[in-house]
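*Asks:* Starting off with a structure, shown below.
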Amino acid sequence: MSLTFKLQCHFILIFLGALRGETRYLELREVPEADPFLFFNTDLKRELSEEQLYHRSLRCIDMLSIEGQFTFTAEQPQLHCAAFFIGEPEEIISIQYDLVNIDCQGGDFLKVFDGWILKGEKFPSSQDHPLPMSDRYIDFCENGNIRSFSSSQNVAMIFFRIQEIGNGFTITIKKNPNLFPCNVISQTPSGRFTMVIPHQHRNCSFSIIYPVVIKISDLILGHLNSLQLKKSSVGCGGIGDFVELLGGTGLDPSKMMPFADLCYPFHGPAQMTIGCDNTVVRMVSSGKHVNRVTFEYHQLEPYDLENTNGNSIKEYCFPSL
């Protein structure tokens, strides 16, 4: 079995296992068979013209990366369902309720979450999201007058319980441009991205749910030239503007292991190999400067473990591969 295929299978198992987890707001105990990678259907994107609106049924556990109208109709009581939506890094997700036929008084619910929840962990974390946690949940049964919702980043989700056969709902998913994307989950295991925070006091995380080799080519922080490995007595917390590289097995950046701090501007490249299930580039900004970081990444391959260069920092998480 190739390393790439092994990693893909490993992630599928992690993903489906995570959906069986519990949180205060979301419980998913029984997950039907589903392929979480169906939402990477680029051929379908090319086939649909801008004038056409894509229609299909929504599954109890579903993942979507395309615009369209989606309908869920319960063929049996469904107690623990969730649909995950993702766009390109420079997009936000718009969800519109076209038709809702559920029994709120009987225990049904339909909720939107601004971000993703997997196995009790949230993205973006509470430290990185501009809204308090309570405002990130929109409950249709409590706010039926709210007929549309726009996410703060390129991911959003709904979770629902429908007990009466024949009941359900129809939603329309659209994507809108985001001029300054902050928190992002990457759809692909490779790519290039520039994160910019223009004079804003906020934190932004770019999450890659694969083991990767990441190369930072440019970092501008508005203040003076060093890259430091994370140690208990060494960090960038006192500087106010910095970038950190994180790795872990979950979704929440605040629960990940910090591996490296980038405290000062530099022109790279600086490369790091992170063999964790999830890798995050996180920028902390004081709002006093225009901060920018440019990086590229690709999924970890066997030859990456053999070939290192003078600009590499260190490798992490390989025992979990």
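The values are calculated or read from the model by the stated rules, or taken from the named source; none is laboratory data. A quick note: this is a predicted structure, and the numbers were derived from the prediction, not measured. No Cβ is skipped: glycine too gets one built from the backbone with ideal geometry, and neighbour counts run over all protein chains shown. Heads up: the accessible areas ignore ligands, DNA and RNA and are worked out on the full protein's heavy atoms, side chains in. Shrake-Rupley method; radii C 1.70, N 1.55, O 1.52, S 1.80 Å.
*Asks:* When the range 50-77 is examined, which residues are found to be open to solvent by less than 40 Å² (accessible area, probe 1.4 Å), at negative phi and not in a loop (DSSP other than H, G, I, E, B)? Full working, then the answer.
*Replies:* We begin by selecting, within the range 50-77, every residue open to solvent by less than 40 Å² (accessible area, probe 1.4 Å); these are 58, 60-66, 68, 70, 72, 74.
Subsequent filtering for residues that are at negative phi retains 58, 60-66, 70, 72, 74.
Within the range 50-77, ILE61, ASP62, MET63, LEU64, PHE70, PHE72 meet the criteria.
*Asks:* What's the number of the condition GLY115 fails, among (1) at pLDDT 95 or above; (2) out of contact with any helix residue (DSSP H, G or I) (no Cβ under 7 Å at 6 or more places or on another chain)?
*Replies:* (2)
*Asks:* Would it be correct to say that LEU110 is modelled with pLDDT under 95 and either surrounded by 14 or more Cβ atoms within 10 Å (Cβ to Cβ) or more than 12 Å from the chain's Cα centre (by Cα) (or both)?
*Replies:* no
*Asks:* Now for a separate question. All but one of (1) under 20 Å from PHE180 (Cβ atoms); (2) at pLDDT 90 or above hold for LYS255, so report the exception by its number.
*Replies:* Looking at each condition in turn, LYS255 falls short on (1).
*Asks:* Next question, about the same structure. Do we find a residue being farther than 24 Å from LYS122 by Cα, modelled with pLDDT under 95 and not basic (Lys, Arg) anywhere in the range 199-212?
*Replies:* yes
*Asks:* Give me the pairs, please: first residue somewhere in the range 95-118 and farther than 18 Å from THR73 by Cα and small (Gly, Ala, Ser), second residue anywhere and open to solvent by 30 Å² or more (accessible area, probe 1.4 Å) and part of a strand (DSSP E or B), beta-carbon distance under 9 Å, and either six or more positions apart or on two chains.
*Replies:* As it stands, the answer is GLY115/LYS122, since those pairs meet every condition given.
*Asks:* Can you name the condition, by its number, that CYS182 falls short on among (1) outside any strand (DSSP E or B); (2) open to solvent by 40 Å² or more (accessible area, probe 1.4 Å)?
*Replies:* Going through (1) outside any strand (DSSP E or B); (2) open to solvent by 40 Å² or more (accessible area, probe 1.4 Å) one by one, CYS182 breaks only (2).
*Asks:* Then there's this: Among the residues of the range 145-172, which ones are part of a loop (DSSP other than H, G, I, E, B) and buried (at least 16 other Cβ atoms within 10 Å of the Cβ)?
*Replies:* SER151, SER152, GLN153, ASN154, ASN167
*Asks:* Where residues in the range 243-267 are of a type outside the set (A, V, I, L, M, F, W, C) and outside any strand (DSSP E or B), which of them is surrounded by the most Cβ atoms within 10 Å (Cβ to Cβ)?
*Replies:* PRO253
*Asks:* Conditions first: (1) in a strand (DSSP E or B); (2) open to solvent by less than 10 Å² (accessible area, probe 1.4 Å). LYS175 passes all but one, so which condition is the exception?
*Replies:* Going through (1) in a strand (DSSP E or B); (2) open to solvent by less than 10 Å² (accessible area, probe 1.4 Å) one by one, LYS175 breaks only (2).
*Asks:* Show the residue pairs that are 6+ apart or on different chains and have beta-carbon atoms under 8 Å apart, the first residue being within the range 274-295 and at positive phi, the second being open to solvent by 10 Å² or more (accessible area, probe 1.4 Å).
*Replies:* GLY287/HIS199; GLY287/GLN200; GLY287/HIS201; GLY287/ARG202
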